Amino acid sequence: MEIMLRPILTLFLTIFLISHISVSKVSSASAATITLCNKCPHPVWPGIQPSSGKPILAQGGFHLPPNKAQTLQLPPLWSGRFWGRHGCAFDAAGRGRCDTGDCGGALFCNGLGGTPPATLAEFTFGDDQDFYDVSLVDGYNLPLSITPLKGSGKCSYAGCVRDLNAMCPVGLQVRSRDQRHVVACKSACSAFNSPRYCCTGPYGSPQACGPTAYSRIFKVACPKAYSYAYDDPTSISTCSKASYLVTFCPHGSLSNNN
């Protein structure tokens with residue numbers, strides 16, 4: 001699944017790149033790092049999907065026990081997304097499945113994206129400025145935050161730290177295999193496949209596609225995260241010369257649904 005950048009973010013990136021490109025220029029960007037930290041009370045299997053043409057990091061996924069962290073060195077100008085898989089079981093060959101965020105039944109996603117719903121941390125690194133966001137456009141499975149470290153500029157926090165599974169409307173709920181718990185919350189687009197909720201067809205512009213009752217639930221709970229496709233003004237963060245901390249379950253606890 002190829003990563004689709006948000007429409008207004010794409011415009012910002014185009015303007016930024018045009019203003020900084022020269023034929024003879026060699027990128028001077030220093031490699032940043034992203035540290036993935038698990039504060040959930042259960043293991044998380046981070047998934048990593050690079051944008052088209054970008055290198056795959058850590059084979060696209062790994063196991064991260066509670067209260068552990070792993071730091072990844074990023075190539076200059078890398079872009080891609082991270083998400084947390086949970087309820088996973090893999091055999092010695094790395095085959096298995098996850099209750100949420102599964103990427104083709106494999107421990108190593110190797111370029112594949114996660115099956116929605118999944119909370120996403122999205123990054124685009126530039127020579128002088130990085131763009132990042134936490135997105136619920138593909139739904140929600142785990143609390144997730146992005147914290148910039150030692151950067152310059154606005155460098156704001158982004159995230160969704162509330163347990164949306166506990167407040168997920170019935171029509172959006174994904175339940176555990178035994179049907180006892182809500183383990184993820186779909187976006188309205190994924191649940192109903194309607195142009196109105198997906199911002200497609202006659203609703204394919206910011207003017208035509210505004211927030212809905214469903215996306216407002218996400219936005220009220222998580223004001224620093226994307227709630228639907230055109231939720232750009234309050235959802236894109238920028239920072240320069242930073243490294244980043246991506247934390248699963250930043251508050252360290254969830255409702256009893258995992």
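Each label point was placed 7 Å from the Cα along the Cα-to-Cβ direction; for Val220 and Thr200 their separation is 2.9 nm.
For segment 74-126, what is the charge dipole size about the Cα centre, in debye to the nearest 20, if Lys and Arg each add +1 at the Cβ and Asp and Glu each add -1 at the Cβ? Could the numbers behind the result be given before it?
Details: 4 positive and 4 negative charges, 9 e Å.
Here the size comes out at about 40 debye.
For the chain, the share of accessible area belonging to carbon and sulfur comes to 57 percent (1.4 Å probe, ligands and nucleic acids excluded).
As an exercise, use a Förster radius of 41 Å and the Cβ-Cβ distance of Ser176 and Ser240 to find the FRET efficiency, rounded to the nearest 0.05. Can you show the working numbers first?
Numbers: r = 42 Å, r/R0 = 1.03.
After rounding to 0.05, the efficiency reads 0.45.
Probing with 1.4 Å while keeping every protein chain in the model, the per residue accessible area of segment 36-80 equals 41 Å².
Which net charge results for the neighbourhood of Pro117, defined as the other residues with beta-carbon distances under 13 angstrom from its beta-carbon, given Lys and Arg at +1 and Asp and Glu at -1? Neighbourhood net charge equals 0. A dipole drawn for the chain from +1 and -1 charges on Cβ atoms has a positive end, and of Gly252, Val44, Tyr214 the residue lying farthest that way is Gly252.
Calculated accessible area for segment 135-258 comes out at 45 Å² per residue, all protein chains present (probe 1.4 Å; ligands, DNA, RNA ignored). The Cα center of segment 68-116 and the Cα center of segment 198-226 differ in position by 27 Å. Peptides 145-153, 100-108 ranked from most to least packed, by the mean per-residue count of other Cβ atoms within 10 Å: 100-108, 145-153.
Normalised by 2.2 N^0.38 Å, where N is the number of residues, the C-alpha radius of gyration of the chain stands at 0.98.
Ranked highest first by the average count of other Cβ atoms within 10 Å around their residues, in what order do 155-161, 167-173 fall? Mind dumping the intermediate values first?
On the way: 155-161: 19.9, 167-173: 15.0.
Per-residue Cβ counts within 10 Å, averaged per peptide and sorted highest first, yield 155-161, 167-173.
With the Cα gyration tensor of segment 140-240 giving a ≥ b ≥ c as the square roots of its eigenvalues, does the rule (a/c under 1.5 for rounded; else a/b larger than b/c for prolate; else oblate) give rounded, prolate or oblate? Since a/c reaches 1.5 but b/c is at least a/b, the shape of segment 140-240 is classed as oblate. Figure note: Trp45, Trp78 ranked by solvent-accessible area, largest first, 1.4 Å probe, ligands and nucleic acids not counted: Trp45, Trp78.
The values are calculated or read from the model by the stated rules, or taken from the named source; none is laboratory data. What you see is a predicted model; the values in this text were computed from it and never measured. A quick note on method: Cβ atoms are made from the backbone with ideal geometry, for glycine too, and the neighbour counts reach across all protein chains shown. Accessible surface is based on the protein model in full, side chains and every heavy atom, while ligands, DNA and RNA are left aside. Shrake-Rupley method; radii C 1.70, N 1.55, O 1.52, S 1.80 Å.
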